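Peer 1: Just dropping this structure here.
The values are calculated or read from the model by the stated rules, or taken from the named source; none is laboratory data. Note that the structure is predicted; figures quoted are calculated from it, not measured. Note that we place each Cβ from the backbone using ideal geometry, even for glycine, and neighbour counts take in every protein chain shown. In case anyone asks, the SASA skips ligands and DNA or RNA and just uses the protein heavy atoms, side chains included. Shrake-Rupley method; radii C 1.70, N 1.55, O 1.52, S 1.80 Å.
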Amino acid sequence: MSKVNLQESFDRFADHWSPKVIGEMNGQYVKLAKVAGEFVWHAHADEDELFLIQRGRLHLEFRDGRVVTLGPGELYIVPKGVEHRPYTDDGAEAWVVLIEPKATKHTGQVVADLTQPDVEWLQ
């Protein structure tokens, strides 16, 4: 494994809601994602999901009406089985670091236009 510069890695892609793998450890992927607008409601039945914000602001909405808002340097772990919907403010982009088990499906069991069936390594 080589040293990874997060800024340079984020600068290498522009697409939204399409996480890129930058490393793996102990059965976990470390992913980067640029996000803008709304994602789909989904849950991960068997995996917790860590969101760490590098840039911008990300909101995590939950079915009980609660919304957790994260800014740069903040993280939140969504427990396995908890349905959630990430989104950003209109016209805003957020840069997110995700740490999750390699088996985690992008949109859980939900299949939607934004679902990414395969992980893409950022080389």
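Peer 1: Applying 1/(1 + (r/R0)^6) with R0 = 22 Å to the Cβ-Cβ distance of residue 89 and residue 41, what FRET efficiency is obtained, to the nearest 0.05? Display every interim value, and only then the final one.
Peer 2: Numbers: r = 18 Å, r/R0 = 0.84.
Between residue 89 and residue 41 the formula returns 0.75.
Peer 1: Pulled fully out, how much extra length does the chain show between residue 21 and residue 5, if you take 0.36 nm times their separation in residues and subtract their Cα-Cα distance? Numbers along the way, then the final one.
Peer 2: Details: separation 16, 0.36 × 16 = 5.76 nm, distance 1.33 nm.
Gain in length upon complete extension: 4.4 nm.
Peer 1: Using a simple charge model, +1 on the beta-carbon of Lys and Arg, -1 on the beta-carbon of Asp and Glu, nothing else, what dipole does segment 1-88 show about its Cα centre, in debye to the nearest 20?
Peer 2: Working: 11 positive and 13 negative charges, 53 e Å.
For segment 1-88, the charge dipole is close to 260 debye.
Peer 1: How do 12, 85, 66 rank by accessible surface area computed with a 1.4 Å probe, from largest to smallest? Provide the component values of the computation, followed by the final result.
Peer 2: Numbers: 12 135, 85 30, 66 100 Å².
Result of the area sort, largest leading: 12, 66, 85.
Peer 1: Within the chain, what is the number of lysine pairs with alpha carbons under 20 Å apart, leaving out pairs fewer than eight places apart on the same chain?
Peer 2: The number of close lysine pairs in the chain is 13.
Peer 1: Projected onto the charge dipole of the chain (+1 at Lys/Arg Cβ, -1 at Asp/Glu Cβ, origin at the Cα centre), which of 122, 69, 79 gives the Cα projection farthest towards the positive end?
Peer 2: 122
Peer 1: Right, here's the next one. Residue by residue through segment 78-84, what is 3J(HN,Hα) from phi via Karplus (6.51 cos²θ - 1.76 cosθ + 1.60, θ = phi - 60°)? Round to whole Hz and write x for glycine and proline.
Peer 2: 7, x, 3, x, 8, 6, 8
Peer 1: A follow-up question, please. Just grab the label-to-label distance for residue 123 and residue 64, each label 7 Å out from Cα along the Cβ direction, in nm (one decimal).
Peer 2: If labels sit at residue 123 and residue 64, their model points lie 4.6 nm apart.
Peer 1: Amide H of residue 55: which non-local residues (sequence gap of 5 or more, or other chain) have their own amide H closer than 5 Å, using H built in the peptide plane?
Peer 2: Those qualifying (amide H under 5 Å, at least 5 residues apart or on another chain) are 95.
Peer 1: Classify segment 1-98 as rounded, prolate or oblate, taking a ≥ b ≥ c as the square roots of the eigenvalues of its Cα gyration tensor: rounded when a/c is under 1.5, otherwise prolate if a/b is larger than b/c and oblate if not. Show your work: numbers first, answer last.
Peer 2: Values: a/c = 1.98, a/b = 1.25, b/c = 1.58.
Here segment 1-98 falls in the oblate category.
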